[in-house]
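Computed from the coordinates by the stated procedures, all read-outs in this text should not be read as laboratory data. Just so it is clear, the structure is predicted and the values come from calculations on it, not from any experiment. All Cβ positions, even for glycine, are placed from backbone atoms using ideal geometry, and neighbour counts span all protein chains on display.
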Amino acid sequence: MTPDLFANAVSTPAAHVYSVTEITRAVRTVLEERVGVVWVEGEISNYRKQASGHQYFTLKDAASQLACVLFARAGAWRKQAPLADGMHVQVRGALTVYEARGQYQLNVQIVQAAGAGLLQAKFEALKRKLEAEGLFDPARKRPIPKFPAAIALITSSTGAALRDMLNILARRAPCVRVVIVPVRVQGEGAAEEIAAAIAETNRFPELGVAAVDVLVVTRGGGSVEDLWAFNEEIVARAIAASALPVVSAVGHEIDFTIADFVADLRAPTPSAAAELLVPDCAELARRFSEIAVQLRRHASRSIEQHRARVALLGRGELFRQPELRLREAAQRLDLAAESHRRAVRSRLDEARRKLAELAALLRHHRPDQMLAILRAQFAALRRQLSDSALRRLAEVRQRFTNARELLRVLGPDATLLRGYSVTTSSDGRLITSTAQVRAGMQVTTRVRDGAFGSEVTEPPR
């Protein structure tokens, strides 16, 4: 069955009678294919939750209403409080038809408080802005003191978070001074009060109040709207400008605020912040007692060891006859000094003898005399080289003259003068045999006073 059913029903009303199921399924197909998943905003009424976990309700506005179903484990409710009549929400789901009743409904996938989408968009925009400015950079964050003497709690004076933190701080570290700075933690003007309290806590010494070591911005859990004061830019910038380290402990572990990202430390809950800030004094006292026992045991053992050593030294010969031992030591020192002086004199005599030998050797091999001898040898070698070169040149010239004379007597020009001739082919090759010529071949003959060309008219015989 397709949406074309409606067109067919209009054009041929008597052609076919459709069943209720066919019509219902056609309507369902149109809704699922042409509308599909949508966001819808309205007020909850007729809310019912079954034992199966499925939740049914009607979403309405001033003019209309829409049946909705949120199946167990098929959707997400983005608010900690349960659904209830009168709640204004935004839902995302697939539009369909419940065929058994012929009723169109929304199969809900996500439910969130109305306006939560806008708040989330504002949250992400401010987060990107402050991150780009470097307010979330770990490098700018200050270390939290391990043993703070005073802590300031910036929170509501009537909240459960304050009571929980005070109980934990009193149990773990009763000696730590706690300063409560009461502020509103939700609603209009809360962000401004929190920011002003952070600045005022930093100015405690100027105001005549004893300074604190760390401050905690905190409140208990709640909805996104309840926690929104800690997502305001004014609070984020006040935390970043604080000279004191700041701990953010807002809501439950799953809640994240802009204050968490800017603070020097984020605690998942107010109680966890109290646990992180101060050590367990009872545990520290127990540990100190253990260390004190170990120190006493070590000191006693060290004292006994030194006593035993002193007693041993006292029984030694040195302590029994110290004057005799000193005289013997002085005598050994005198003997060692005399031996050392003899060794030094011997070394000096040996050095003087070696120096005299080297001086005599130096006089025997005087550098100026050796240099004069070498210069004379070099002059003789240079003369020999010059004479050898001249003789070699004269020999080469004589050989050249002899070769030139021999060439003049035995060369081809001398042969021509004696009445001989030289015959070459047209390509310049020398003809030395009749086998190299043929009839009609052009040849050139060179004689004493010139050359002439001729043609071979008879074949060689």
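One table, with the values for the structure above:
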item	result
Contour excess over end-to-end distance, with Cα ends at Glu323 and Asn402 and 0.36 nm allotted per residue	17.1 nm
Vicinal HN-Hα couplings computed from phi for segment 323-328 (Karplus, 6.51 cos²θ - 1.76 cosθ + 1.60; Hz; Gly/Pro x)	5, 4, 5, 5, 4, 5
Antiparallel bridge percentage (DSSP; both residues within the chain; nearest 5)	65
Lys/Arg +1, Asp/Glu -1 at C-beta; segment 356-461 dipole; positive extreme among Thr445, Leu410, Thr432	Leu410
Mean ellipticity per residue at 222 nm, deg cm²/dmol - from DSSP H runs of n ≥ 4 across the chain, formula -39500 (n - 2.57)	-16000 deg cm²/dmol
Straight-distance crosslink candidates among lysines, where the alpha carbon sits under 25 Å from Lys141 and sequence neighbours closer than 8 are dropped	Lys122, Lys127, Lys129
Prolate/oblate/rounded label for segment 339-461 (Cα gyration tensor, a/c 1.5)	prolate
Estimated FRET transfer efficiency when R0 is 51 angstrom, pair Asp137-Ala210 (beta carbons, to 0.05)	0.95
Amide hydrogen neighbours beyond the local backbone of Leu153, cut-off 5 Å, H modeled	Val179, Ile180, Val181, Val216
Efficiency of FRET from Cβ geometry, His252 and Glu124, R₀ 22 Å, rounded to 0.05	0.60
Value of relative contact order over segment 416-455, rounded to a whole percent, pairs C-alpha under 8 Å and six or more apart	41
Segment 454-459 - phi-based ³J(HN,Hα) in whole Hz, Karplus 6.51/-1.76/1.60, Gly and Pro as x	7, 10, 6, 9, 10, x
Rounded, prolate or oblate (a/c below 1.5 giving rounded, otherwise prolate when a/b exceeds b/c) for segment 26-173 by Cα gyration tensor	prolate
Cβ-placed point charges (K, R +1; D, E -1), dipole of the chain about Cα centre in debye, nearest 20	4500
Of [x] 23.9, 75; [y] 59.2, 149; [z] 27.6, 94, the label for Rg and Dmax of the Cα atoms in Å derived from the coordinates	[y]
Contour minus Cα-Cα distance for Leu83 and Arg287 (0.36 nm per residue)	68.3 nm
Rel. contact order, % - alpha carbon contacts under 8 angstrom, at least six apart, the chain	8
Net charge dipole size for segment 337-445 [Lys, Arg +1 and Asp, Glu -1 on Cβ; Debye, nearest 20]	720
Two-site FRET efficiency, Gln305 against Arg237, from Cβ-Cβ distance with R₀ of 51 Å, rounded to 0.05	0.25
Least to most buried among Asp334, Asp264, Asp449 (fewest other Cβ within 10 Å first)	Asp449, Asp334, Asp264
Computed lengthening from Thr424 to Tyr104, 0.36 nm per intervening residue step minus Cα-Cα distance	103.0 nm
Phi to ³J(HN,Hα) by Karplus 6.51 cos²θ - 1.76 cosθ + 1.60 over segment 239-248, Hz, x for Gly, Pro	5, 5, 7, 5, 7, 8, x, 10, 10, 9
10 Å Cβ shell holding at most 15 others, DSSP loop, GluC sites (Glu not before Pro): longest site-free stretch of the chain	254-461
